[in-house]
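One structure is given below, encoded as structure tokens.
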Amino acid sequence: MKIIKPFKTLVSYFFSRHFLMYVVIGSFNTLNTAIISHILAKVLYDYPSSYLAFVISLSIGYVLNAKINFKHKIMLSEYLKFMSIYIPHFIIFATISTIALSMWNFPPFWATVTASVAGSPITYLVMRFFAFGHKKPKE
């Protein structure tokens, strides 16, 4: 059926080596973000420390995804694409971390972890197609 084929293709993106590596790198980066945020919160307020940690971790995430996951050279054009992909993710991150900090009274570490995980599946697909140009799963 023509309806099932696009669904199978979408599912194949999430059951791939690339997605698994993205999750591993993303987990490492979520931990980086949370630790950096925790350290910066001692000097800055909770919100700026969380946002600054997010941006620092994105740079780490780009290098890891480019080198380990997608086997690309580090290039400024790809880096800028990668960073631009995270603008919608950052909006989700900022909204959820703000809610987690102010309404749910989460500590900054757990607010950061919760917010980082929330936008990951959509961000992966956009990153895969836009930043690194992978059209079909390659295993």
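The values are calculated or read from the model by the stated rules, or taken from the named source; none is laboratory data. Keep in mind that this is a model prediction, so the values were computed, not measured. Cβ coordinates were reconstructed from backbone atoms using ideal geometry, including for glycine residues, and neighbour counts include every protein chain displayed. Ligands, DNA and RNA are excluded from the accessible area calculation, which covers all protein heavy atoms including side chains. Shrake-Rupley method; radii C 1.70, N 1.55, O 1.52, S 1.80 Å.
Name the pairs: first residue in the stretch 15-30 and on the phi < 0 side of the Ramachandran plot, second residue part of a helix (DSSP H, G or I) and among the charged types (D, E, K, R), Cβ to Cβ under 9 Å, at least 6 apart or on different chains?
H18/R128; F19/R128; Y22/R128
Residues to consider are Y86, Y51; find the one that is closer than 19 Å to V126 by Cα and outside any loop (DSSP other than H, G, I, E, B).
Y86
Output the number of residues of the stretch 79-91 satisfying the condition of being open to solvent by 60 Å² or more (accessible area, probe 1.4 Å) and aliphatic (A, V, I, L, M).
Within the stretch 79-91, residues that are open to solvent by 60 Å² or more (accessible area, probe 1.4 Å) and aliphatic (A, V, I, L, M) number 3.
Name the single residue that is most open to solvent (accessible area, probe 1.4 Å) among those in the stretch 36-46 being within 17 Å of A94 (Cα to Cα) and part of a helix (DSSP H, G or I).
Among them, the one singled out is H38.
For the stretch 9-28, how many residues meet the condition of being under 12 Å from the mean Cα position of the chain (by Cα), open to solvent by 40 Å² or more (accessible area, probe 1.4 Å) and among the β-branched types (V, I, T)?
Adding up the residues that qualify gives 2.
Name the residues in the stretch 85-111 that are among the hydroxyl-bearing types (S, T, Y) and free of Cβ contacts under 8 Å to residues at least 24 places away in the same chain, would you? Steps first, answer last, please.
First pass over the stretch 85-111, keeping only residues among the hydroxyl-bearing types (S, T, Y): 86, 95, 97-98, 102.
If the condition is that a residue be among the hydroxyl-bearing types (S, T, Y) and free of Cβ contacts under 8 Å to residues at least 24 places away in the same chain, then T95, S102 are the ones that fit.
Residues that are more than 21 Å from T114 (Cβ to Cβ) and of a type in the set (S, T, N, Q): does the stretch 12-25 have at least one?
yes
With respect to L76, determine if the residue is more than 15 Å from T33 (Cα to Cα) and either in contact with a His (Cβ under 8 Å, 6 or more places away or on another chain) or open to solvent by less than 40 Å² (accessible area, probe 1.4 Å) (or both).
Against the criterion (more than 15 Å from T33 (Cα to Cα) and either in contact with a His (Cβ under 8 Å, 6 or more places away or on another chain) or open to solvent by less than 40 Å² (accessible area, probe 1.4 Å) (or both)), L76 does not qualify.
Please enumerate the residues belonging to the stretch 92-112 that are at pLDDT 85 or above and either in a helix (DSSP H, G or I) or open to solvent by less than 20 Å² (accessible area, probe 1.4 Å) (or both). Spell out the reasoning first.
As a first pass, look at the stretch 92-112 and keep what is at pLDDT 85 or above: 94-107, 110-111.
Scanning the stretch 92-112 gives A94, T95, I96, S97, T98, I99, A100, L101, S102, W110, A111.
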